[in-house]
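Notes follow the structure.
The values are calculated or read from the model by the stated rules, or taken from the named source; none is laboratory data. Just so we're clear, the structure is a prediction, and the values are computed from it rather than from any experiment. Methodologically, a virtual Cβ is constructed for each residue, glycine included, from the backbone with ideal geometry; neighbour enumeration extends over all protein chains shown. Quick note on the areas: whole protein, heavy atoms, side chains included, nothing else; ligands and nucleic acids left out. Shrake-Rupley method; radii C 1.70, N 1.55, O 1.52, S 1.80 Å.
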Amino acid sequence: MDNNILKISIIQSHIEWEDRAANLRRFGELLRGIGGETHLAVLPEMFSTGFSMRAEALADAADGETVAALRQWAADGQMALTGSFMAREGDRYFNRAFFVTPGGEAHFADKRHLFGMGGESRYFTAGHERLTVDCRGWKICPLVCYDLRFPVWSRNVRNAYDVLVYTANWPAVRRHVWDILLPARAIENMAYVCGVNRTGRDGNGYEYDGGSAVWSPRGERLADAGRGEGVTTVALRRDELEALRTGFPAWQDADSFTVE
């Protein structure tokens, strides 16, 4: 196994509003088209429902239909999957990031920064643990949408991760912020950054115009999905990451801290 290369695929699509069955069909079709051709596929935030606040009606259990589908897609395509879905535990609800391996292991972490202006903090519970998962010897850290605006939570202390992933429903009206912050996070954390957004219009009338992209640790755009739907795949190189971290070891001078 060549651990120097990690193939990562952006899955950029519209999301049918509050229709889990339709979205599972849609994303299943997209993922079947890249089976065996990628190592990690990234889906948008709340890919199975859209960014709805009807958590009581729409949230799924950790062993429910959404995660079962993810496990099946990962096994069939021999690829890892990450993104987020609307999760339920008892009487609490979460915007939950997932990382599912080809072997069926499922890892979870909940969105830390809830979007108060959109009502998310009224219906969902914030997470307090950041997730880092191994994928072919690469350390992957999946975060969710609004987390992008908060660099302390994203901080790569002593190279804890190699690839930072943001899965999002980022409205077109604030697209310029997305385009600025993704490369900023890559540069300051000396890591690859992948941001995956949706397209189309949601049930609240908000427009989304994609802009999913992968950025190098030097702030170079390696892949850009544009504004349309589809799958974009790019190969990341570990030797180039290590060369930067060795040749310009700014990470050694970074502050050490913990977030409560």
Estimated distance in nm for a label pair at residue 235 and residue 220, the labels positioned 7 Å out from Cα along Cα-to-Cβ = 1.5
Trypsin sites (Lys or Arg not before Pro) within the range 138-220: which are DSSP loop residues with at most 10 other Cβ atoms inside 10 Å?
-> 158
Among (1) 17.0, 52; (2) 18.6, 69; (3) 18.8, 63, the entry matching Rg and Dmax of the Cα atoms in Å as calculated here is (1)
Helix-only CD estimate at 222 nm, as mean residue ellipticity for the chain, using -39500 (n - 2.57) per DSSP H run (n ≥ 4) = -7000 deg cm²/dmol
Cα long-axis angle, helix 65-77 against the chain (0 to 90 degrees, to the nearest 10) | 50
Given the Cα-Cα distance of residue 75 and residue 157 and 0.36 nm per residue of separation, how much length would full extension add, in nm?
-> 26.3 nm
Space enclosed by the convex hull of the alpha-carbon atoms of the range 1-146, per residue, Å³ | 102
Using unit Cβ charges (K, R positive; D, E negative) and no other charged atoms, how large, in debye to the nearest 20, is the dipole of the range 155-202 about its Cα centre?
-> 120
With unit charges on the beta carbon (Lys/Arg positive, Asp/Glu negative), name the residue among 169, 205, 189 whose Cα is farthest towards the positive pole of the charge dipole of the range 163-238.
-> 189
Fraction of beta bridges assigned by DSSP in the range 1-150 that are antiparallel (%, nearest 5) = 70
Of all the accessible heavy-atom surface of the range 109-217, with the other protein chains kept in place and a 1.4 Å probe, what percent is carbon and sulfur?
-> 54
Spin-label model distance (nm) - residue 3 vs residue 250, 7 Å beyond Cα toward Cβ = 2.7
Dipole magnitude (debye, nearest 20) for the chain, charges at Cβ of Lys, Arg, Asp, Glu = 280
Where is the GNM fluctuation largest for the chain (alpha-carbon springs, 10 angstrom cutoff): 57, 74, 97?
-> 57
Gain on full stretching of the segment that runs from residue 54 to residue 149 - 0.36 nm per residue minus C-alpha separation = 31.8 nm
Would you be so kind as to identify which of 215, 125, 58 lies farthest towards the positive end of the dipole of the chain, taking Lys and Arg as +1 and Asp and Glu as -1 on Cβ and the Cα centre as origin?
-> 215
Spacing of the two label points (7 Å from each Cα toward its C-beta) at residue 89 and residue 106, in nm | 1.3
Let me know the charge dipole size of the range 148-260 about its Cα centre in debye, to the nearest 20, where only the beta-carbon of Lys, Arg (+1) and Asp, Glu (-1) is charged.
-> 120
So how do 39, 128 rank on accessible area, 1.4 Å probe, biggest first, that is with the largest at the start?
-> 128, 39
Once phi is turned into θ = phi - 60°, what whole-Hz ³J(HN,Hα) does the Karplus curve with 6.51, -1.76 and 1.60 give for every residue of the range 92-107, x standing for Gly and Pro?
-> 10, 10, 9, 8, 10, 6, 10, 9, 10, 8, x, x, x, 6, 10, 10
Enumerate the amide H contacts of residue 209 below 5 Å, restricted to partners 5 or more residues apart or on another chain; note that Pro and chain-start residues carry no placed amide H.
-> 172
